[in-house]
Amino acid sequence: MNITEIMAGLQAKYGNEKEYLQAVREVLETIEDVYNEHPEFEAAKIVERIVEPDRIFTFKVTWVDDSGEIQTNTGYRVQFNSAIGPYKGGLRFHPSVNLSILKFLGFEQIFKNALTTLPMGGGKGGSDFNPKGKSDAEIMRFCQAFMLELWRNIGPDTDVPAGDVGVGGREIGFLFGMYKKLAREHTGVLTGKGMTWGGSLIRPEATGFGAVYFVQHMLHLQNKDIKGKTVAISGFGNVAWGAAMKATQLGAKVIAISGPDGAIYDPEGMNDEKIAYMLELRRSNNDVVAPFADKFPAATFYPGKKAWSIKCDIAMPCAYQNEMSGQDAEELISNGTWCCAEVSNMGCTPEAIAAFQKAEILFAPGKAVNAGGVATSGLEMTQNAMHISWSAEDVDKKLHEIMSNIHEACVRYGKQPDGYVNYVKGANIAGFMKVATAMLEQGVI
Ligand code: 2IT
């Protein structure tokens, strides 16, 4: 494989899609050695084929806001790769959404879904719709207008969307309602559904829980335990909430959370009340964490700061792509942080990852650490197909097993001669091998 040539070709074609190019480059650089040991991959042009989405849908979404004004947004669904199963991946509603972001997310999703051990291909979608400040009625009208276009292109055996940033249980409800009305079918076409209409127990918690289970495995390999460790988390959405809850349950102290407005430092750590309040903050649709410090006297709000300026043992970015820069990573390292588990998709810049790896600090990438979310979506699909629902204990047990398998796969492919585990390499190779083999066996399509 000639990475320079492949990247130059993509650069010429998609030069303005910087997140997509970043995600592709990372995967190619880490799989290069293994790829070159398989001339059959090269002959079948697997890399050239895997970096190109199968198809992309782009559509107009018009809706009427509460003041009667007509609003227009753009909707997308990127069906990236279906070698190992139906397209699967979330929908993101955020003003930053564009094709570059959805292509990077869809590309990462291919390997993440392969790592889960479940049969799911990779896809992603969303809209540049901004949920901030919108009423429930506006959110509903937008979701309905979005589904009016999308519904013909998805289905329980073709493409199964779910939530991502800006799309939670409420939005999935509105999207599902409209799909059901149009398709006249009550099927598992979306995951993250409500518990009374096909949702899986533990799905809301799964991304955060799975991430903490993964951290536990990383720590155990170093003969360490999460108990008593300080944890800084960015974000205060669904993922941060699940991670804060599980880390706290296991005896860690979550001392920081953050939002677009700044960071909260709370030396006393989280408790049930504070964790529940994270959800309340999110539900307000205001996208701010500052009120946390007004409600809990031990907490201090630092306007404009990131969680990474706070001294901690373990850092868990749970917000957006590239939220941790090289400089942030250096600051964490100089403050004594010895583990960073990326929970957001591509939350760390290449410079941040390089800094962690250079310092031989435990670092694992989002596609391994956050895979518990989509894995539990896969378990939701299974329950829907079987027309049954499993208990919370059963789902949590399966989630544990899956995270343990993912960790093992990362170590298998990522352990360096000096014993340091390059989890980025491990995750990319393990995911890639499975998809590449499936593509090879299915011929040129
Ligand atoms: O990034 C992700 O893996 C998700 N947003 C969840 C996708 C899913 O289909 O559950």
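Quick note: the coordinates plus some simple rules give every number you see, no bench work behind them. Note that the structure is predicted; figures quoted are calculated from it, not measured. FYI the Cβ positions are ideal-geometry reconstructions off the backbone, even for glycines, and counts take in every protein chain you see.
Entry remark, region 148-160: residues being part of a helix (DSSP H, G or I) and either of a type in the set (D, E, K, R) or within 16 Å of the ligand (Cβ to nearest atom) (or both) number 4 in total.
For (1) in a helix (DSSP H, G or I); (2) out of contact with any Ser or Thr (no Cβ under 7 Å at 6 or more places or on another chain); (3) surrounded by 24 or more Cβ atoms within 10 Å (Cβ to Cβ), each residue gets a yes or a no:
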| position | (1), (2), (3) |
| --- | --- |
| Asn405 | yes, no, no |
| Arg412 | yes, yes, no |
| Pro417 | no, yes, no |
| Gly431 | yes, yes, yes |
| Lys434 | yes, yes, no |
| Leu440 | yes, yes, no |
| Val444 | no, yes, no |
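Within region 86-107, if we keep just the residues that are away from the ligand (no atom under 11 Å from the Cβ) and among the hydroxyl-bearing types (Ser, Thr, Tyr), the residue that is surrounded by the fewest Cβ atoms within 10 Å (Cβ to Cβ) turns out to be Ser96. For region 251-272, a residue qualifies if it is buried (at least 17 other Cβ atoms within 10 Å of the Cβ), of a type in the set (D, E, K, R) and not in a loop (DSSP other than H, G, I, E, B), and exactly one does: Lys253.
Contact map, region 54-67: residues that are of a type outside the set (A, V, I, L, M) paired with residues that are in a loop (DSSP other than H, G, I, E, B), Cβ distance under 6 Å, separation 6+ or inter-chain. Pairs shown: Asp66/Ser135. One residue stands out among those in region 323-343 that are within 17 Å of Ala263 (Cα to Cα) and either hydrophobic (A, V, I, L, M, F, W, C) or crowded, with 18+ Cβ neighbours inside 10 Å (or both): the one that is nearest to the ligand (Cβ to nearest atom), which is Glu323.
I need a count of the residues in region 347-396 that are in a loop (DSSP other than H, G, I, E, B) and more than 10 Å from the ligand (Cβ to nearest atom). Number satisfying all stated conditions: 11.
Go through region 43-70 and report how many residues are outside any loop (DSSP other than H, G, I, E, B) and surrounded by 15 or more Cβ atoms within 10 Å (Cβ to Cβ).
Let us first name the residues in region 43-70 that are outside any loop (DSSP other than H, G, I, E, B), namely 43, 46-50, 55-64, 70.
Narrowing further to those that are surrounded by 15 or more Cβ atoms within 10 Å (Cβ to Cβ): 46-47, 49-50, 56-57, 59, 61, 63.
Selection size over region 43-70: 9.
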